[in-house]
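Written below as structure tokens is the structure these notes are about.
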Amino acid sequence: MTVTVQITDVSKRYGRIDAASGVSFELGQGEMVALIGHNGAGKTTLMKLMLGLIHPTHGSIRVLGEDPAAGQFSARRRLGYLPENVSFDASLTGRETQRFYARLKQEPLAKAEQLLDVVGLGAAADRRVGTYSKGMRQRLGLAQALIGRPQLLLLDEPTTGLDPELRQTFYDAIQRLAAEGTTVLLCSHVLTELEERAGRVIIMNRGVKVADGSLDELRRLARLPTKIRLKVSGLASGEVPSWLAASTPHRRLNGHIVEIDAAPEQKLDLLRRVMAAGTSVEDLDVMSPSLDELYAHFLRSAETPR
Amino acid sequence: MNAILTITAKEIRQAIRNRWVLAATLLLAALALSLTFLGSAPSGSNVGARPLDIVIVSLSSLTIFLVPLIALLISHDAIVGDMERGTMLLLLSYPVARWQVLIGKFFGHLAVLAFATCLGYGAAVGALLATGSQMDREGLAAFAAMIGSSVLLGAVFVAIGYWVSALVRDRGTAAGISIGLWLLLVLVYDMALLGLLVLDKGQNISGSALNALLLLNPTDVYRLFNLTGFANVSMFSGMAGLVGSATLSAEFLVAVLALWTLVPLAFASLSFSRREL
């Protein structure tokens, strides 16, 4: 796997605030990575560092084989960026804006204009950006980020203001690019959206990287219980089923549903016992810890040692 | 097309869309035309003063007030405004250097000013021609020099505006400082200098010291260039007395104006490149 982004022990101080401290990670070709964290956790700072818009106080950054802050631009031609709350010059039309950015990247104009159709702005291309809605501006932001088949995409809150259908098209486009070898780094608050898509998750808290790995790896690390819900018939209201050890945390939901917090290794054992007891189970739900829960867990564990 | 020209083209297009070009051209043309028609009234038409020379004197006095103001209005917002609107962040993620952004904008804004000045003041010449006034080659040369130096004066203030824009944190501050600078350089400086000369009564301030003091203000450099540069013009400008003592050549004055453009532009570029987004 070719490394496209290499961040080594990077710190960035703004006055007395550590926007990032001692962050290290590598992103490989074709990886789709979610960068999550609170507001002010250092996500945008990391993106700006990767773009060379700000200089690290300490540490080194390589993006597509270059130091982004050194003033060389060949890497930037192969990079797409969508800032949070993207804005454009209101007096230009969508098409003019797209052509302007394509010229700066020295990419063919016709291809860049086609991207407007891809994001569904084809009909509004000749209207001024000032008349666009928030969602349309966001789409224009995506269109400019995709100019010239970038090898690295940095997307800061890319789906804010997009309707569900467009969200789907957007993720499809991103996934296609990733399959062709583009590295995609996504910042988002909408964790459920990233859950199914990101191959890897990096969690930031107060400028420090607190977790980094695939969703499965993070689940293993976090050791959060899997929730098992069983719909059992004929169970008295206070009764604890015989197959359930009293020490296992569980609760009753609206009468006949038992929700059990099972540790990862107990999961199968528990189900086997339920079957052996011959309880009449009408329905079964197994819920692995969601990204939301993992995120909350890693933030908690990052806070406690301090 | 290279990055600087791409940015220049965008700035010009935006200025046209925002009606900046239209507003500046109409303003300058309206004032130039009214000065042309009213301007000969005070001197009378039979004193021997040729209309073109009078127009040059009155138009260059007008330029000193107006062109710096227009230039600062266009330029004070150039960097800090784009940063506040968020467009700068995206632009700088593209393969362009910050100095290229600055120079690209500079060319664009200068083109707008040059267009407005040439067309606006050109209207005055057109009006004189239409009314059948006579003009000789020297008068036309003086007029052309006046237009050229007006654009150069605009360039000075565009560069100063960029420097302000690169230094401050928000647009309001940039606007305030720009207005302050305009007042200082266009009004206060000359009044203070005049007061100083009156108080001094020619005791301590020598001619060369006065020249140096005048060179420290770009609007005075412009005034010296236009009002003393051509013999006919200086007669009517009331600067004839000064011409006797002025030892500064037109080339030198143009060079000083160019320096007044390049130095603030260099500082603007330096401040901008040091700035963190």
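If we keep just the residues of the stretch A:82-98 that are surrounded by 19 or more Cβ atoms within 10 Å (Cβ to Cβ) and closer than 23 Å to A:THR159 by Cβ, which is farthest from the other protein chains (Cβ to nearest Cβ)?
Among residues in the stretch A:82-98 that are surrounded by 19 or more Cβ atoms within 10 Å (Cβ to Cβ) and closer than 23 Å to A:THR159 by Cβ, the one farthest from the other protein chains (Cβ to nearest Cβ) is A:GLY94.
From the list B:ALA78, B:ALA97, exactly one residue is buried (at least 22 other Cβ atoms within 10 Å of the Cβ), of a type in the set (Gly, Ala, Ser) and either out of contact with any strand residue (DSSP E or B) (no Cβ under 9 Å at 6 or more places or on another chain) or within 12 Å of chain A (Cβ to nearest Cβ) (or both). Which is it?
On the way: B:ALA97 fails: buried (at least 22 other Cβ atoms within 10 Å of the Cβ).
Selected residue: B:ALA78, the only one of B:ALA78, B:ALA97 that is buried (at least 22 other Cβ atoms within 10 Å of the Cβ), of a type in the set (Gly, Ala, Ser) and either out of contact with any strand residue (DSSP E or B) (no Cβ under 9 Å at 6 or more places or on another chain) or within 12 Å of chain A (Cβ to nearest Cβ) (or both).
When you look at B:VAL112, is it part of a helix (DSSP H, G or I) and of a type in the set (Val, Ile, Thr), yes or no?
On the way: part of a helix (DSSP H, G or I): yes; of a type in the set (Val, Ile, Thr): yes.
So B:VAL112 fits the description; yes.
Based on this model, can you work out whether A:ARG62 counts as more than 9 Å from chain B (Cβ to nearest Cβ) and either aromatic (Phe, Trp, Tyr) or closer than 28 Å to A:LEU215 by Cβ (or both)? Break it down into steps so the answer makes sense when it comes.
On the way: more than 9 Å from chain B (Cβ to nearest Cβ): yes; either aromatic (Phe, Trp, Tyr) or closer than 28 Å to A:LEU215 by Cβ (or both): yes.
So A:ARG62 passes the test.
Can you work out which of the residues in the stretch B:1-13 that are among the polar types (S, T, N, Q) and part of a helix (DSSP H, G or I) is nearest to the other protein chains (Cβ to nearest Cβ)? Let's see the steps before the verdict.
Here is the first cut: in the stretch B:1-13, the residues among the polar types (S, T, N, Q) are B:2, B:6, B:8.
Applying the additional criterion that residues be part of a helix (DSSP H, G or I) yields B:6, B:8.
Details: B:THR6: 5, B:THR8: 11 Å.
Across the stretch B:1-13, the extreme among qualifying residues is B:THR6.
Here's the yes/no breakdown for (1) within 14 Å of chain A (Cβ to nearest Cβ); (2) modelled with pLDDT of 95 or more; (3) crowded, with 18+ Cβ neighbours inside 10 Å; (4) not in a helix (DSSP H, G or I):
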residue: B:ALA15; (1), (2), (3), (4): yes, no, yes, no
residue: B:THR25; (1), (2), (3), (4): no, no, yes, no
residue: B:LEU38; (1), (2), (3), (4): no, no, no, no
residue: B:ASN46; (1), (2), (3), (4): no, no, no, yes
residue: B:SER60; (1), (2), (3), (4): no, no, yes, no
residue: B:GLU84; (1), (2), (3), (4): yes, no, no, no
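Specify the residue that is farthest from A:SER21 (Cα to Cα); the eligible residues are those in the stretch A:159-204 that are outside any strand (DSSP E or B) and either of a type in the set (Ser, Thr, Tyr) or not assigned by TED's automatic domain parsing to the domain that holds A:VAL86 (or both).
Narrowing the stretch A:159-204 to residues outside any strand (DSSP E or B): A:159-182, A:188-199.
Add one more test, that the residue is either of a type in the set (Ser, Thr, Tyr) or not assigned by TED's automatic domain parsing to the domain that holds A:VAL86 (or both), and what stays is A:159-160, A:169, A:171, A:182, A:188, A:192.
On the way: A:THR159: 28, A:THR160: 28, A:THR169: 36, A:TYR171: 31, A:THR182: 27, A:SER188: 21, A:THR192: 27 Å.
Result: A:THR169.
Quick check: anything in the stretch A:261-273 over 37 Å from the mean Cα position of the chain (by Cα) and either modelled with pLDDT of 80 or more or closer than 30 Å to A:VAL201 by Cβ (or both)?
Within the stretch A:261-273, the first condition is being over 37 Å from the mean Cα position of the chain (by Cα), and the residues that meet it are A:273.
Then keep just the ones that are either modelled with pLDDT of 80 or more or closer than 30 Å to A:VAL201 by Cβ (or both); that gives A:273.
Yes, some residue in the stretch A:261-273 is over 37 Å from the mean Cα position of the chain (by Cα) and either modelled with pLDDT of 80 or more or closer than 30 Å to A:VAL201 by Cβ (or both).
To keep it simple, each residue is scored yes or no on (1) at pLDDT below 80; (2) closer than 26 Å to A:ALA34 by Cβ; (3) touching a Pro at 6+ places or on another chain (Cβ under 8 Å).
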site	(1), (2), (3)
A:LEU221	no, yes, no
A:ALA236	yes, no, no
A:GLU239	yes, no, no
A:GLY255	yes, no, no
A:HIS297	no, yes, yes
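Any idea how many residues of the stretch A:31-68 are acidic (Asp, Glu) and either over 13 Å from A:ILE7 (Cβ atoms) or surrounded by 24 or more Cβ atoms within 10 Å (Cβ to Cβ) (or both)? Spell out how you get there, then give the answer.
Going residue by residue through the stretch A:31-68, those that are acidic (Asp, Glu) are A:31, A:66-67.
So of that shortlist, the ones also either over 13 Å from A:ILE7 (Cβ atoms) or surrounded by 24 or more Cβ atoms within 10 Å (Cβ to Cβ) (or both) come out as A:31, A:66.
Of the residues in the stretch A:31-68, 2 are acidic (Asp, Glu) and either over 13 Å from A:ILE7 (Cβ atoms) or surrounded by 24 or more Cβ atoms within 10 Å (Cβ to Cβ) (or both).
Looking only at residues that are within 13 Å of B:VAL67 (Cβ to Cβ) and at pLDDT 90 or above in the stretch B:27-36, which one is surrounded by the fewest Cβ atoms within 10 Å (Cβ to Cβ)? Full working, then the answer.
Start the filter on the stretch B:27-36 by keeping residues that are within 13 Å of B:VAL67 (Cβ to Cβ), which leaves B:27-28, B:31-32.
So of that shortlist, the ones also at pLDDT 90 or above come out as B:27-28.
Details: B:LEU27: 15, B:LEU28: 27.
Selected residue: B:LEU27.
The values are calculated or read from the model by the stated rules, or taken from the named source; none is laboratory data. None of the values given here were measured: they were computed from a predicted structure. Counting neighbours? That spans all protein chains shown, and the Cβs are built from the backbone with ideal geometry, glycine included.
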